Amino acid sequence: MKLTYADVVAGTEIAAVSYPVSRLSLIKYAGASGDFNVIHWNERIARSVGLPNVIAHGMFTMAQAGRFVTDWAGDAATVLEFGVRFSATVVVPDDDAGATIEVSGVVEEKLDENRVVLALTARSDGTKVLTRARAVVRLP
């Protein structure tokens, strides 16, 4: 079903979606983004700088929240604004266990010109990893 502005009600919760994170997905992201910082793929180096293990790129985490928004809104929508504040890291213990980023949202407000404001929440291992996560989307 194609989502439209008329379908949306302020206060509606958007069901959480879980996105798996593996070391391989971080290496692929490093290649796409050009961010090859070793703390994102080498456990020895990550631990040597005081991290508990390899951590996901902040922008990788943000990208999962963006994916949540675009999947919810559909192809006919336009993301007009998107921003987050990083509040914690996503630790990726190993490739077998990996990690999960869970993103959920709520329709915060309906604006004129078919615009909708979404408030987003992203958690990993029970910890909120993004705060002030917000998107403004224009729906058909």
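The values are calculated or read from the model by the stated rules, or taken from the named source; none is laboratory data. Values in this document were obtained by computation on a predicted structure and should not be read as measured data. All Cβ positions, even for glycine, are placed from backbone atoms using ideal geometry, and neighbour counts span all protein chains on display.
Of the conditions (1) in contact with a Phe, Trp or Tyr (Cβ under 9 Å, 6 or more places away or on another chain); (2) not in a strand (DSSP E or B), Asp112 satisfies every one except a single condition; which number is it?
(1) is the only condition that Asp112 fails.
Please find, within the range 105-127, the residue that is nearest to the chain's Cα centre (by Cα) out of those that are surrounded by fewer than 17 Cβ atoms within 10 Å (Cβ to Cβ) and among the small types (Gly, Ala, Ser).
Restricting to residues being surrounded by fewer than 17 Cβ atoms within 10 Å (Cβ to Cβ) and among the small types (Gly, Ala, Ser), the top hit is Ala119.
One line per residue, one yes/no per condition, for (1) crowded, with 16+ Cβ neighbours inside 10 Å; (2) in contact (Cβ under 8 Å) with a residue 24 or more places away in the chain; (3) under 16 Å from Val107 (Cα atoms):
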site: Leu3; (1), (2), (3): yes, yes, yes
site: Val9; (1), (2), (3): no, yes, yes
site: His57; (1), (2), (3): yes, yes, no
site: Arg85; (1), (2), (3): no, yes, no
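Just to be sure before I move on: is Val79 in contact with a helix residue (DSSP H, G or I) (Cβ under 7 Å, 6 or more places away or on another chain) and surrounded by 18 or more Cβ atoms within 10 Å (Cβ to Cβ) in the structure I sent? Quick ask: steps written out before the conclusion?
On the way: in contact with a helix residue (DSSP H, G or I) (Cβ under 7 Å, 6 or more places away or on another chain): yes; surrounded by 18 or more Cβ atoms within 10 Å (Cβ to Cβ): no.
When the stated conditions are applied, Val79 does not pass them.
Could we say that Val137 is in contact with a helix residue (DSSP H, G or I) (Cβ under 6 Å, 6 or more places away or on another chain), over 21 Å from Ser25 (Cβ atoms), surrounded by 16 or more Cβ atoms within 10 Å (Cβ to Cβ) and modelled with pLDDT of 95 or more here?
yes
Within the range 8-30, track down each residue that is hydroxyl-bearing (Ser, Thr, Tyr) and either part of a strand (DSSP E or B) or in contact with an Asp or Glu (Cβ under 9 Å, 6 or more places away or on another chain) (or both). Talk me through it step by step, then tell me what you get.
As a first pass, look at the range 8-30 and keep what is hydroxyl-bearing (Ser, Thr, Tyr): 12, 18-19, 22, 25, 29.
Listed by number, the residues that qualify are Ser18, Tyr19, Ser22, Tyr29.
Can you tell me which of Ala76, Ala88, Ala97, Ala46 is assigned to a loop (DSSP other than H, G, I, E, B), among the aliphatic types (A, V, I, L, M), over 28 Å from Val8 (Cβ atoms) and out of contact with any Ser or Thr (no Cβ under 6 Å at 6 or more places or on another chain)? I'd like the intermediate steps shown before the answer.
Numbers: Ala76 fails: over 28 Å from Val8 (Cβ atoms); Ala88 fails: out of contact with any Ser or Thr (no Cβ under 6 Å at 6 or more places or on another chain); Ala46 fails: assigned to a loop (DSSP other than H, G, I, E, B).
The match here is Ala97.
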